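One structure is given here, and the rest of the page talks about it.
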Amino acid sequence: MKLVIFDLDDTLVNFAATRKAAHVCLARFLDAEGVDSAAYLRAVMQVDRPLFQRFEQGQLTRAQYRLQRFAEPFSLIGLQPRDGLVEALNKIFMDCVNDTPLLFDDVLPVLQRLRDERIRTAILTNGPSDGQRRKLKATGLGEHVDHVAIGEEIGVSKPLAQAYHSVVERFAVARGDALMVGDSPELDYDGALAAGLRAVLLDRDDVYGDGDRRRILTLDGVWPR
Ligand SMILES: [Mg+2]
């Protein structure tokens with residue numbers, strides 16, 4: 001193994017915990033607006049993933065994705081939002097998620113250990129460019145890896161083979177010497193294997209035990225290979 005490529009959200013950045021904190025901020029704001037925040041935020045969780053997939057597939061622009069994820073939940077709970085409310089909710093969410101992201105505890109020790117052993121490291125993420133850049137800056141992660149690739153910037157997203165290849169090609173490394181590590185079975189494991197890389201599924205919640213994919217429960221499992 002000469003190169004380890006990490007996914008960002010829910011692999012290095014604890015996005016679930018960060019989003020929960022952001023939802024607390026949203027709830028406070030919604031309650032003051034007289035909106036049932038619990039019902040609204042349940043609806044947000046329902047619509048977010050399908051909308052994000054449409055963004056990844058190029059069916060929605062980034063701006064459309066961001067507003068629709070906070071607009072559609074109002075339809076689901078049968079409310080008509082006042083002018084500007086959707087935009088205000090998006091701004092509260094973005095500021096919290098991007099400027100105060102939380103890293104998992106095992107991230108920096110593993111990145112340091114890989115660097116000590118002269119194994120190259122990279123991040124490959126599908127998220128929107130500006131948000132991911134803010135997260136990288138807030139966490140300092142960019143300084144701990146050799147290369148960062150963001151789907152929107154390179155023009156191709158996981159699980160398309162060219163996304164993984166574009167990272168490997170930055171280094172004098174064969175695809176078979178590169179390991180993709182991430183929490184998504186489809187985007188970080190199946191796609192990477194199909195592209196000729198090695199892969200491990202990061203299963204922090206221990207929910208994929210029945211599958212055939214090679215998995216690790218923490219980033220310490222990356223070491224040694
Ligand atoms: Mg992820």
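Values quoted throughout were computed directly from the atomic coordinates according to the rules given, and no laboratory measurement underlies them. Since this is a predicted model, take the numbers as computed values, not measurements. Cβ coordinates were reconstructed from backbone atoms using ideal geometry, including for glycine residues, and neighbour counts include every protein chain displayed.
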Next item on the list: Give, rounded to the nearest 20 debye, the magnitude of the charge dipole that the chain has about its Cα centre when Lys and Arg contribute +1 at Cβ and Asp and Glu contribute -1 at Cβ.
Entry: 400 debye
Checklist line | Most positive-pole-ward Cα, 201, 191, 174, against dipole of segment 145-225 from beta carbon charges | finding: 174
Notebook entry, point to check: Tally Lys and Arg at +1 and Asp and Glu at -1 over the other residues with C-beta under 11 Å from the C-beta of residue 189: what net charge comes out?
Noted result: -2
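Count the lysine pairs in the chain that are 8 or more places apart or on different chains: how many have C-alpha atoms under 21 angstrom apart?
Numbers: 2/158; 20/91; 20/135; 20/137; 91/135; 91/137; 135/158.
So the count of such lysine pairs works out to 7.
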Next item on the list: On a 0 to 90° scale, report how tilted helix 107-116 is relative to the longest principal axis of the chain, with both axes built from alpha carbons and the result rounded to the nearest 10.
Entry: 20 degrees
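So what is the calculated 222 nm ellipticity per residue for the chain, using -39500 (n - 2.57) for each DSSP H run with n of 4 or more, over all residues, to the nearest 500 deg cm²/dmol? Display every interim value, and only then the final one.
Working: 9 runs with 105 residues, N = 225.
It comes out at -14500 deg cm²/dmol, rounded to the nearest 500.
When the chain is fully extended, how far beyond the present Cα-Cα distance does residue 207 get from residue 17, taking 0.36 nm per residue of separation?
Values: separation 190, 0.36 × 190 = 68.40 nm, distance 1.76 nm.
Fully extending the segment from residue 207 to residue 17 adds 66.6 nm.
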Item checked: Alpha-carbon radius of gyration plus Dmax, which is the widest Cα pair, for segment 182-225 in Å -> 9.9, 27
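Over all directions, average the projected area of the Cα convex hull of segment 15-99 and note it in nm². Walk me through the numbers before you get to the answer.
Numbers: hull surface 21.1 nm².
Averaged projected area of segment 15-99's Cα convex hull equals 5.3 nm².
Let me spell out the model: positive unit charges on the Cβ of Lys and Arg, negative unit charges on the Cβ of Asp and Glu, origin at the Cα centre of segment 15-115. What dipole size does that give, in debye rounded to 20?
Values: 13 positive and 12 negative charges, 65 e Å.
For this selection, approximately 320 debye.
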Next item on the list: Percent of Cα-Cα pairs per 10 Å bin, from 0 to the last occupied bin, for the chain, please list those.
Entry: 8, 32, 34, 19, 7, 1
Next item on the list: Return the long-range amide H neighbours of residue 123 (sequence gap of 5 or more, or a different chain), with a cut-off of under 5 Å between placed amide H atoms.
Entry: 6, 147, 148, 149
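Using a 10 Å cut-off around each Cβ, can you sort 120, 213, 69 from fewest to most neighbouring Cβ atoms?
Details: 120 21, 213 14, 69 24.
Ordered by Cβ neighbours within 10 Å, fewest first: 213, 120, 69.
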Item checked: Hz values of 3J(HN,Hα) by residue in segment 5-12 - Karplus curve (6.51, -1.76, 1.60), Gly and Pro given as x -> 10, 9, 5, 9, 6, 6, 10, 9
Note to self: Using each residue's phi in segment 177-184, evaluate 6.51 cos²θ - 1.76 cosθ + 1.60 at θ = phi - 60° and report the 3J(HN,Hα) Karplus result to the nearest Hz, with x for Gly and Pro.
What the structure shows: 9, 9, 10, 9, 10, x, 8, 9
